[in-house]
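Structure first, commentary second.
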Amino acid sequence: MRPTARPSSARAPASLREPRLQPMKHSATNKRKLKESSAESAENISQVQKILRERFCHHCAAGKLFGMEQQYRHLLEVLKRTTVHGESNSALIIGPRGSGKTALLNHVLKDLREMKQVRENLLEVHLNGLLQTNDKVALKEITRQLQLENVVGDKVFGSFAENLAFLLEALRKGDRTSSCPILFVLDEFDLFVHHKNQTLLYNLFDISQSAQTPVTVIGLTCRQDILELLEKRVKSRFSHRQIYLMNSFDFKQYIKIFKKQLSLPDEFPDESFAQKWNNNVQHLSEDKTVQNVLQNLFHHTKDLRSLHLLLMLAGSAVTVHHPLLTAADLQEASRQHSTDSKANIVHGLSVLEICLIIAMKHLNEVYDGEPFNFQMVYNEFQKFIQRKAHSMYNFEKPVVMKAFEHLLQLELVKPLERPSVRAQREYLLMKLLLDSSQIMEALQVYPNCPTDVKQWAASSLSWL
């Protein structure tokens, strides 16, 4: 009798048999590697976002100043004389909003604090015209920042000058050379000019001229005519040092600023990722689409805050699955950056309110921008309803009035005069705060807008 044949799998040589445990070991190793690499990339992305946030959202003194090296040297010299040699001084930094006044001052202060002889030898008082709206509030803030609340206690002073003199006397450590210098930074300097009798400015400038505690007063303002606003006695005590900041760079420098603002620093933990990121930024700066986006922004405003906002919007698209910026990200950021807020409001209006806006648009075109009243708008709307009676519902006048008042609340329409008790609401003169292009663009994306309404908005004025 023949022996029973063994199953074919049993006859298979050992070399051909599939090992069962090894693949599991491999897959576990691969999973661990994947997990580690994803954790590393997540850490890198987190670091990138932190660096970009600090650059774009805060007035941090990281990075480089662009096109203001001369102003930097001038301001540094003024503050060095105060902190090192005990000289009192005053200066104004003048430039449009977003030109880098605060950034310049922060850079200078950062570099000053790194000097050994300055580090523990400078007191800073930061005041803002938007917050310290009168001299009493400003004095309280000065006391708080100089940490002299305990010294002042319940003392009553005869005048502002006495109070300030007492505060400075409390800080003195001896003669002028050994006194601790104080830096007063007045942001929104032009608002301090409107304080009663300009007492704060007078006393600060007076101290900076006299042989008391070394004091430097730095004012930041965007008004070119600031000296004309100062009283004669205040102006005579001001040193007339003025540091002007104007964004005078051309588009080539603007591209360099774009690269510098997006590039990662040399000390970034993961060198290979930083290299990859910086190479990508270089490619982006040479990309035609990106250059067009930047050129549009550059021609609109050279304000670096606008560039920071654009880059912040683009940078928010960076994730673990999308680790590098693309031209599409910048295009989308540009679209969001230039979104018209008023056109966005139009998207949420009812069809009746849209019709009233179109009626106002036609009145503007007929009467060449002259003001109108509700009755004129209502008559215009009625003409449209009579022509399109089959497709549009004829609303009653009180309903139309309610819709008109809603447009007034949304500030799409502005009254030219204050409403009085005697004047009827229907005859108050109004002005439309939207132009034709805004209305047409909003209608293009308005959901389910009736065709007749679109045609009415785009039509000529032949029937009027």
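A few remarks follow.
- Screening LEU52 on (1) more than 20 Å from VAL215 (Cα to Cα); (2) touching a helix residue (DSSP H, G or I) at 6+ places or on another chain (Cβ under 9 Å); (3) part of a loop (DSSP other than H, G, I, E, B); (4) in contact (Cβ under 8 Å) with a residue 60 or more places away in the chain shows it passes everything except condition (3).
- Residue count for the range 287-315, restricted to those that are more than 27 Å from ALA42 (Cβ to Cβ) and either in a helix (DSSP H, G or I) or of a type in the set (S, T, N, Q) (or both): 17.
- Of the residues screened, SER285 is not one that is assigned by the TED database to the domain that holds LEU313, open to solvent by 20 Å² or more (accessible area, probe 1.4 Å), at pLDDT 85 or above and hydroxyl-bearing (Ser, Thr, Tyr).
- Test: residue in the range 411-424 that is within 39 Å of the chain's Cα centre (by Cα), within 30 Å of HIS300 (Cβ to Cβ) and assigned to a helix (DSSP H, G or I): no
- Residue in the range 380-397 that is under 19 Å from GLN424 (Cα atoms) and not charged (D, E, K, R) present: no
- Residue in the range 298-313 that is in contact with a Cys (Cβ under 9 Å, 6 or more places away or on another chain) and either more than 27 Å from LEU75 (Cβ to Cβ) or surrounded by fewer than 18 Cβ atoms within 10 Å (Cβ to Cβ) (or both) present: yes
- Annotation: GLU370 fulfils all but one of (1) farther than 20 Å from VAL346 by Cα; (2) open to solvent by less than 100 Å² (accessible area, probe 1.4 Å); (3) at pLDDT 85 or above; the unmet one is (2).
- Of the residues making up the range 414-444, just one is open to solvent by less than 90 Å² (accessible area, probe 1.4 Å), among the aliphatic types (A, V, I, L, M) and at pLDDT below 80, namely ALA423.
- Any hit, the range 390-398, residues being among the hydroxyl-bearing types (Ser, Thr, Tyr), in the same structural domain as TYR446 (by the TED database) and at pLDDT 85 or above: no
- Checked against (1) in contact (Cβ under 8 Å) with a residue 60 or more places away in the chain; (2) out of contact with any Pro (no Cβ under 8 Å at 6 or more places or on another chain); (3) closer than 24 Å to GLN198 by Cα, SER88 meets all criteria but (2).
- Count of residues meeting criterion [in a strand (DSSP E or B), among the hydrophobic types (A, V, I, L, M, F, W, C) and open to solvent by 40 Å² or more (accessible area, probe 1.4 Å)] in the range 110-132: 1
- Here the condition is being small (Gly, Ala, Ser), free of Cβ contacts under 8 Å to residues at least 40 places away in the same chain and either over 25 Å from GLY98 (Cα atoms) or in contact with a His (Cβ under 7 Å, 6 or more places away or on another chain) (or both); of ALA274, ALA343, ALA314, it holds for ALA274 alone.
- Flag for LEU284 being under 23 Å from the mean Cα position of the chain (by Cα), closer than 20 Å to ARG335 by Cα and assigned to a helix (DSSP H, G or I): no
- Test: residue in the range 316-327 that is in a helix (DSSP H, G or I) and crowded, with 18+ Cβ neighbours inside 10 Å: no
- Top-ranked residue in the range 227-273 [being hydroxyl-bearing (Ser, Thr, Tyr) and part of a helix (DSSP H, G or I); ranked as nearest to SER41 (Cα to Cα)]: SER272
The values are calculated or read from the model by the stated rules, or taken from the named source; none is laboratory data. No experiment lies behind these values; they were computed from the predicted model shown. Ideal geometry is used to build each Cβ from the backbone, glycine not excepted, and the neighbour counts take in all protein chains shown. Protein only, heavy atoms only, side chains kept; ligands, DNA and RNA dropped before computing areas. Shrake-Rupley method; radii C 1.70, N 1.55, O 1.52, S 1.80 Å.
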